[in-house]
Amino acid sequence: MRTQELVNKIKGIQTLESIKSALNVDRARAIYLVYRLKRKGYVKTQYTSDKKRVYHISPENVLGGTSYVDIINKYSPIKLSSSEVHKIHGRVPSIEETLVYSVKTRKIRYILAALVLYRKVKNWSELYRLAKENNLVREIGALYDVARKKVGKVRRMEKRFINHALPKEDESYRFVIQHLQSKDFQNIENRWRVHVPFNENDLEDYKK
């Protein structure tokens, strides 16, 4: 099987078991094929929260550079795969930039996976600036409160961010993802006047 054909068949987040199934091969053959693609630069190896090895297989890996998905997958127990990964060349995206990107996608899995990045935020001024530029200040604030409550090991948000970000009483509610709201985080929703798009059971990966 030619390399490009092989990559197209198994691109994305894979395990040895899923590769065996997709290609109908045994374990030894699957290991060899991963090794072959890895030598050519198509494979990045990562580990889940329970130490399970997973492979991110993509033509983009050969080109080098770093994507927002790479940053999220580096830290998160929830692994992402995308056929539209955009590599950034010449610099590594900041944690703050990656957080704002995840909310801009309006995709629930991206947002869930990126909650762990709140542990890594060091430049709250930069996060506020980027959130304000994208009209996402309250959304970033609400998701921070969820992360602080459920992800753990999240540093306190700077008071200056909170003071500038909290809404006035007459401001209307916003949706992070249109029409989705939480049954479990209503206090956070009321504080930020933002509807959180998931419930506690969606955060099971952070308990492992």
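This table checks each residue for (1) touching a helix residue (DSSP H, G or I) at 6+ places or on another chain (Cβ under 6 Å); (2) within 19 Å of Ser81 (Cβ to Cβ); (3) touching a residue at least 24 places away in the same chain (Cβ under 8 Å).
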{"residue": "Leu6", "(1), (2), (3)": "no, yes, yes"}
{"residue": "Lys11", "(1), (2), (3)": "no, yes, yes"}
{"residue": "Thr15", "(1), (2), (3)": "no, yes, yes"}
{"residue": "Ser18", "(1), (2), (3)": "no, yes, no"}
{"residue": "Asn24", "(1), (2), (3)": "no, no, no"}
{"residue": "Ala28", "(1), (2), (3)": "no, no, no"}
{"residue": "Leu33", "(1), (2), (3)": "no, yes, yes"}
{"residue": "Arg39", "(1), (2), (3)": "no, no, no"}
{"residue": "Lys44", "(1), (2), (3)": "yes, yes, yes"}
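I need the full set of residues from segment 149-165 which are assigned to a loop (DSSP other than H, G, I, E, B) and either in contact with a Cys (Cβ under 6 Å, 6 or more places away or on another chain) or touching a residue at least 24 places away in the same chain (Cβ under 8 Å) (or both), in order please.
The answer is Val151, Gly152, Lys153, Val154, Arg155, Met157, Glu158.
Could you run through segment 14-73 and say how many residues are among the small types (Gly, Ala, Ser) and either assigned by TED's automatic domain parsing to the domain that holds Thr98 or modelled with pLDDT under 90 (or both)?
The number of residues fulfilling the criteria is 6.
If you go through segment 9-29 one residue at a time, do you hit one that is among the acidic types (Asp, Glu) and not in a loop (DSSP other than H, G, I, E, B)?
Yes, the conditions are met somewhere in segment 9-29.
Tell me whether segment 103-123 contains one or more residues that are touching a Phe, Trp or Tyr at 6+ places or on another chain (Cβ under 6 Å), of a type outside the set (D, E, K, R), surrounded by 21 or more Cβ atoms within 10 Å (Cβ to Cβ) and under 27 Å from Lys87 (Cβ atoms).
Scanning segment 103-123 turns up at least one residue that is touching a Phe, Trp or Tyr at 6+ places or on another chain (Cβ under 6 Å), of a type outside the set (D, E, K, R), surrounded by 21 or more Cβ atoms within 10 Å (Cβ to Cβ) and under 27 Å from Lys87 (Cβ atoms).
Let me spell it out: the conditions are (1) under 30 Å from Thr48 (Cβ atoms); (2) without any contact (Cβ under 8 Å) to a residue 40 or more places away in the chain; (3) β-branched (Val, Ile, Thr), and Val196 meets all of them except one. Which number is the exception?
(2)
So which of Leu117, Leu143, Leu99 ends up being more than 28 Å from Gln14 (Cβ to Cβ), free of Cβ contacts under 8 Å to residues at least 60 places away in the same chain and outside the structural domain of His56 (by TED's automatic domain parsing)?
After applying the criteria, what remains is Leu143.
Condition first: modelled with pLDDT of 95 or more and touching a Phe, Trp or Tyr at 6+ places or on another chain (Cβ under 9 Å). Now tell me which residues in segment 77-102 satisfy that. Before you say what the answer is, go through the steps one by one.
Initial filter on segment 77-102 (modelled with pLDDT of 95 or more): 94-102.
Listed by number, the residues that qualify are Ile95, Glu96, Glu97, Thr98, Leu99, Tyr101, Ser102.
Look at Tyr173 and say whether it is farther than 17 Å from Ile78 by Cα and in contact with a Lys or Arg (Cβ under 7 Å, 6 or more places away or on another chain).
yes
The values are calculated or read from the model by the stated rules, or taken from the named source; none is laboratory data. What you are looking at is a predicted structure, and each value in this text was computed from that prediction instead of being measured. Don't worry about glycine lacking a Cβ; one is built from the backbone with ideal geometry, like all the others, and counts go over all protein chains shown.
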